[in-house]
1. Using the count of nearby Cβ atoms within 10 Å as a rough guide to exposure, how do L128, L83 rank from fewest to most?
2. May I ask what percent, to the nearest 5, of DSSP beta bridges between residues of the chain are antiparallel?
3. Quick check for me: using +1 on Lys/Arg Cβ and -1 on Asp/Glu Cβ, what's the dipole size of the chain about its Cα centre, in debye to the nearest 20?
4. Just want to confirm a number: the relative contact order over the stretch 74-167, from Cα pairs under 8 angstrom separated by 6+ residues, in percent.
5. Note down the relative contact order for the chain as a percent, whole number, built from C-alpha pairs under 8 angstrom at least six residues apart.
6. Out of residues 5 or more away from K164 or on other chains, whose amide H comes under 5 Å of its own, with H placed 1.01 Å from N in the peptide plane?
7. For a quick check, take a GNM of the chain with Cα springs below 10 Å and name the residue from G67, G78, G248 with the largest mean-square fluctuation.
8. Could you tell me which residue out of S23, L182, L96 lies farthest along the dipole of the chain toward its positive end? Charges go on the beta carbon: Lys and Arg +1, Asp and Glu -1, centred on the Cα centre.
Amino acid sequence: MHLTPVSRRTPLSLDDRSAARPSELPDDDELKPKTNELLKRLGELQATLYADARYAVLVVLQARDAGGKDGTVRKVFGACNPLGCQVTAFKVPTPLELSHDFLWRIHQAVPARGMLGIFNRSHYEDVLVVRVKDLVPKAVWSKRYDRINEFEQMLDDNRVKIIKFFLNISRDEQAKRMRDRLSDPKKNWKFRAGDLDDRDLWDEYTKAYRDALRLCSTPWAPWYVVPADDNKARNYYIARTMVDTLEGLGLRYPKADKAALKLKRKLK
């Protein structure tokens, strides 16, 4: 029950079936304790990451509208200590940000070593919405895949481990979530009329996502497609991938200072 990284060598399906809860998962009664165990382990590993301070970890979350990015931050990364986490939400670029290259605002938000950083949307907007809505010419956005790969490799060379999740939801599930959002006063403030315009561009976004995921899934910054119609499945797969990745870093607590340990005898 593991996700596998996207590969440019194999076809990538982002259809409704790939968004559904996989049959390999057990029922909720069995899945819940497995997820809770993973979340507990994730919290332990994040504490070790903070103390170790040799690596930073950057998590990139991308999804269509109502795809579950906020819920993922709450339900999965809520298991971590806020002291060692930072969440950055990238919205429409400001005039200052637009006066710089497209990666300028991104680089400023990269987590420091010891920190777990979470991007709610990211630099991939510049090969997604920018492409679909024709905000810059193809000659400009088409070069950005290579720039993104080079940028992420530079981060990896500097001990920033990158993990990227695309939360894949079906068209029907998006419609259901949008109806629920509009009916809930606690959520309907999030809704924009433009969300329906984006929904009309479903196929165009699918093509853009497919290219971004295949062209920018690398050994140093892999993309994972998460079946996200079912929130419990989503949480399990992301927690599983995070634990597997962090355990692979060989994190450890630093040795205590011997002089500091001698002070223990003075405590009474």
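Just so you know, all these numbers are worked out from the coordinates, no wet-lab data involved. Quick caveat: nothing in here was measured; it's all calculated off a predicted structure. Using ideal geometry, Cβ is built from the backbone for each residue, glycine included, and neighbour counts are taken over all protein chains shown.
1. Sorted ascending by nearby Cβ count, the order is L83, L128.
2. On the way: 1 of 24 bridges.
Around 5 percent of the beta bridges assigned by DSSP in the chain are antiparallel ones.
3. Values: 50 positive and 38 negative charges, 296 e Å.
Computed about the Cα centre, the dipole is about 1420 debye.
4. 25 percent
5. Working: 370 pairs, mean separation 95.4, N = 268.
Once normalised by length, the contact order is 36 percent.
6. Sorted by chain and number, the residues that satisfy this are V60, Y224.
7. Highest fluctuation among the options: G248.
8. Going by the charge dipole, the pick is L96.
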